[in-house]
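The values are calculated or read from the model by the stated rules, or taken from the named source; none is laboratory data. All values derive from a computational prediction rather than experimental measurement. Glycine gets a Cβ as well: all are built from the backbone with ideal geometry, and neighbour counts include every protein chain shown.
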Amino acid sequence: MPSSTYDDDAARSPEITDLEHATIAWLCEELEDSEIIASDNFLDIGGHSLAFARLNKFLADSFGVNLDMKVAYDEPLSIAVAKAQPVRSHA
């Protein structure tokens, strides 16, 4: 993964959650853009429906949560992450 200024900022910013950090790091790698930050909008950074599905798979597997597509498409990443919901069981 490319070196990210986000990683440096995250170490100094205690309000950034593990979920937010992991989301941004994943997006930096997936979209090959080390400049992505929490105030960016998913669509503005080149996100698309397939990347969103992959991101939600990663978040479900790693944290047991999913992002809402409308929120992720309309709001900054930090808001989308803050509004993440637990994955619903298929039982």
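H21 falls short on exactly one of the conditions (1) at pLDDT 95 or above; (2) in a loop (DSSP other than H, G, I, E, B); (3) over 16 Å from V71 (Cα atoms); (4) of a type outside the set (S, T, Y), and that condition is (2). Across segment 17-53, the number of residues qualifying as closer than 15 Å to V81 by Cα and either loosely packed, with under 14 Cβ neighbours inside 10 Å or over 12 Å from the mean Cα position of the chain (by Cα) (or both) comes to 4. Restricting attention to segment 61-73, the residues being among the small types (G, A, S) and surrounded by 14 or more Cβ atoms within 10 Å (Cβ to Cβ) number 1. Inside segment 41-80, residues that are of a type in the set (S, T, N, Q) and free of Cβ contacts under 8 Å to residues at least 40 places away in the same chain make up a count of 4. Restricting attention to segment 49-76, the residues being assigned to a loop (DSSP other than H, G, I, E, B) and either charged (D, E, K, R) or more than 12 Å from L27 (Cβ to Cβ) (or both) number 3.
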